[in-house]
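Trainee: Mind having a look at this structure? Questions to follow.
Computed from the coordinates by the stated procedures, all read-outs in this text should not be read as laboratory data. Since this is a predicted model, take the numbers as computed values, not measurements. Every residue, glycine among them, receives a Cβ derived from its backbone with ideal geometry; neighbour counts consider all protein chains shown.
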Amino acid sequence: MDDPQSRTFDVLVLGSGVAGLSLALHLAGECAVAVLTKRGLVDGNTALAQGGIAAVLDLDRDSADKHIQDTLVAGAGLCRPGIVELVVGGGARAIAELRARGVDFDADGQGLHLTREGGHSERRVAHRADRTGAAIADALAEQVRSHPNIAVFEHHQAVDLITRARLARGTGRGTPGARGDRVLGVYALDIAAGRVEAFSATVVCLATGGAGKTYLYTTNPDVATGDGVAMAWRAGARIANMEFFQFHPTCLYHPQAKNFLISEALRGEGGVLRNRRGEAFMPRYDPRKDLAPRDIVARAIDRELKASGDDSVFLDMTHLPAAFVEAHFPTIHARCLELGIDMRKAPIPVVPAAHYQCGGVQVNKDAETSLFGLLAIGEVACSGLHGANRLASNSLLEAVVYARRAADTALRILAERGSADALRVPEWDTGSAGDPDEQVVVTQSWDEIRRLMWNYVGIVRTSRRLLRAQRRIELIADEVREDWWRFYLTPDLIELRNISAVALLIVESALARQESRGLHWSLDYPDTDDVNWLRDTVTVRAGA
Ligand SMILES: Cc1cc2nc3c(=O)[nH]c(=O)nc-3n(C[C@H](O)[C@H](O)[C@H](O)COP(=O)(O)OP(=O)(O)OC[C@H]3O[C@@H](n4cnc5c(N)ncnc54)[C@H](O)[C@@H]3O)c2cc1C
């Protein structure tokens, strides 16, 4: 596509998970909207979600107050209560919206079948068997593809935000994120053409998902490389609470299983964690036993593994009726069977893995970041809903609720500024870049960062390990900066640059927080310090 006019839109949505696709559908009838996504439309965390989406639907047993309370307890003092109320209050509407878009949730005689997950005091998780995310992703993708007003750019990887400050660089007037700065568009790599293209828009919304690939073991797919956080940080936006990375306690442990999650819903339906000796160990760690929040379960497993030297613990479903297991967990059952594990008869080997980024680009209740014209929704954003720890199944809910809010905000900005406000932006200048000669340098650096993050910045931390990780990752980030303008961009180089930036943000935030709270657990600061640390950890790029 060579005509720059054809790359000018009112709103650019970066990412095609539940957040990005929902936003695009809200806006489609109202303005010119484009979705850029770096692989296919359904490649993201959304499509992998198994458990479901939390919402208060059974008003006989459940209430908004209970859901709010559960969220606040999980968030360990750092949730923003107004945001919790807002998101929880949007639950029923979010489910109705998804159903209207074709998501077929499981129902029983009384209405939707609701399951229960760790940290929830009631059954309130609407689901489609154990493939809820795929059902949502498929339904939304189908609607987006068939909508005449949405321009879809698959295999387009956003590289950097174009801002007024960036364009003014060299004139001495360009301070990223400063007052008066604003977003004007994005540079994106057309992966098939191997060319960077400039897209301009009045509003850009980050919906680029999480950053699980920063860690060696993760439940996230390959696209989850923290691109949105890294781009926003480079553009001078405020980034918050990156130290709070949730580790899912139960990822399938098998040499041939790459990133396969064993849903928390299994424990919700009676599954029991056991160590190799067969002991159900969770009662030793928490009175809620197997239904304790994820951080507690992940740390308990970490302790069991470190103490025993074992490779995994086990999730036991064998005491439940075989027909129940088959009907409720068909995907997990089928995947386990493929690998020779019959979960009806034998316990499933599991380990913790990096799962969900609770921090991110800081946004207000209207999805606005600190940079004018830049919105953020879904996992890339830090709205204040999750605080120091996410309650299971609240993230899909947050993404749907915030997509609607972002749509309202985008339309308000457009009404104030007008569509013509989308300025022409300069094309990407490749300068004297050449072909990258040694791909192995990129691969090696990726592996190093992911292993460092796993070993030194994982479930339990110490300041010494964090500092070690910081020194080593800074070295890699320096090397990436040196290579950046020397070579034509490749998807891997772009992701390596982003992963190194996000890893450093996680380490920096973890070093800053001198206490243990929620998902951040430090052996040097084992206590929770409400006097000094009942606040977000906010980072802004130096010089911004
Ligand atoms: C295995 C698993 C199970 C889960 N289960 C649940 C659950 O049961 N309930 C729940 O509430 N949550 C669950 N979660 C979390 C939830 O799925 C995610 O938080 C949510 O789907 C995030 O949606 P999103 O739209 O923000 O991001 P994603 O769905 O991850 O989408 C991000 C999109 O951005 C694109 N992208 C990334 N970088 C770029 C770039 N540079 N340029 C262009 N495009 C880019 C990606 O390709 C992708 O399309 C689970 C997550 C995982 C991994």
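Trainee: Charges at C-beta only: +1 for Lys and Arg, -1 for Asp and Glu. How large is the resulting dipole of the chain about its Cα centre, in Debye rounded to 20?
Mentor: Rounded to the nearest 20 debye, it is 920 debye.
Trainee: Based on the Cβ-Cβ distance from Ala64 to Leu523, what FRET efficiency comes out when R0 is 51 Å, to the nearest 0.05? Don't skip to the answer; put the middle values down first.
Mentor: Working: r = 38 Å, r/R0 = 0.74.
That pair, Ala64 with Leu523, gives E of 0.85.
Trainee: Work out from phi, with θ = phi - 60° and the Karplus expression 6.51 cos²θ - 1.76 cosθ + 1.60, the ³J(HN,Hα) of each residue of the stretch 324-333, listed in order in whole Hz, and give x for Gly and Pro.
Mentor: Result, ordered by residue: 5, 4, 4, 6, 8, 10, x, 5, 5, 4 Hz.
Trainee: Please give, to one decimal in nm, the separation of the simple spin-label points placed at Arg179 and Asp530, each 7 Å out from Cα toward the Cβ.
Mentor: Once both label points are built, they end up 3.7 nm from each other.
Trainee: Moving to a separate point now. Using only alpha carbon positions, build the gyration tensor of the chain, then give the equivalent ellipsoid semi-axes as the square roots of 5 times its eigenvalues, largest first, whole angstrom.
Mentor: Working: eigenvalues 260, 146, 98 Å².
Each semi-axis is √(5λ); the values are 36, 27, 22 Å.
Trainee: Do you know the relative contact order of the stretch 337-433, to the nearest whole percent, from alpha carbon pairs under 8 angstrom that are 6+ apart?
Mentor: 22 percent.
Trainee: Label points 7 Å out from Cα along the Cβ direction at Asp492 and Glu427: separation in nm?
Mentor: A separation of 2.8 nm, rounded to one decimal place.
Trainee: How long are the semi-axes of the equivalent ellipsoid of the stretch 374-446, defined as square roots of 5 times the Cα gyration tensor eigenvalues? Whole Å, largest first. Don't jump to the answer; show the numbers that get you there.
Mentor: On the way: eigenvalues 234, 149, 12 Å².
Its equivalent ellipsoid spans semi-axes of 34, 27, 8 Å.
Trainee: Packing-wise, with mean Cβ within 10 Å as the measure, how do 446-456, 380-390 rank, highest first?
Mentor: Highest to lowest by the protection proxy: 380-390, 446-456.
Trainee: Where the centroid of each part is defined by its Cα atoms, how far is the stretch 1-71 from the stretch 284-304 in Å?
Mentor: Taking the Cα centre of the stretch 284-304 as reference, the centre of the stretch 1-71 is 31 Å away.
Trainee: Quick one: if you stick a label point 7 Å off each Cα along the C-beta vector at Glu122 and His147, how many nm between them?
Mentor: Taking the simple label geometry, Glu122 and His147 are separated by 3.2 nm.
Trainee: Below 8 Å, C-alpha to C-alpha, sequence gap of six or more: please give me the relative contact order for the stretch 1-71 in percent.
Mentor: Rounded, it is 27 percent for the stretch 1-71.
Trainee: State, as an integer percentage, the relative contact order of the chain based on alpha-carbon contacts under 8 Å between residues 6 or more apart. Don't skip to the answer; put the middle values down first.
Mentor: On the way: 1212 pairs, mean separation 116.5, N = 544.
Relative contact order of the chain: 21 percent.
Trainee: What's the extension gain from Val540 to Ser463 if we count 0.36 nm per residue and subtract their Cα-Cα distance?
Mentor: Gain on extension, Val540 to Ser463, equals 25.6 nm.
Trainee: If you stretched the chain out fully between Glu438 and Ala327, how much longer would it get, using 0.36 nm times the residue separation minus the C-alpha to C-alpha distance?
Mentor: Gain in length upon complete extension: 35.0 nm.
Trainee: In the stretch 316-352, which residues have a backbone nitrogen under 17 Å from the label point lying 7 Å from Lys306's Cα in the Cα-to-Cβ direction?
Mentor: Once the point is set 7 Å along Cα→Cβ of Lys306, 351-352 turn out to lie under 17 Å by backbone N, inside the stretch 316-352.
Trainee: On to the next question. In Å and whole numbers, how far do the C-alpha atoms of the stretch 432-544 stretch along each principal axis, longest first?
Mentor: Principal-axis extents of the stretch 432-544 (Cα, largest first): 53, 31, 19 Å.
Trainee: Still on this structure, please answer the following. In whole angstrom, note down how far apart the Cα centers of the stretch 332-358 and the stretch 95-160 are.
Mentor: Between the Cα centre of the stretch 332-358 and that of the stretch 95-160, the gap is 23 Å.
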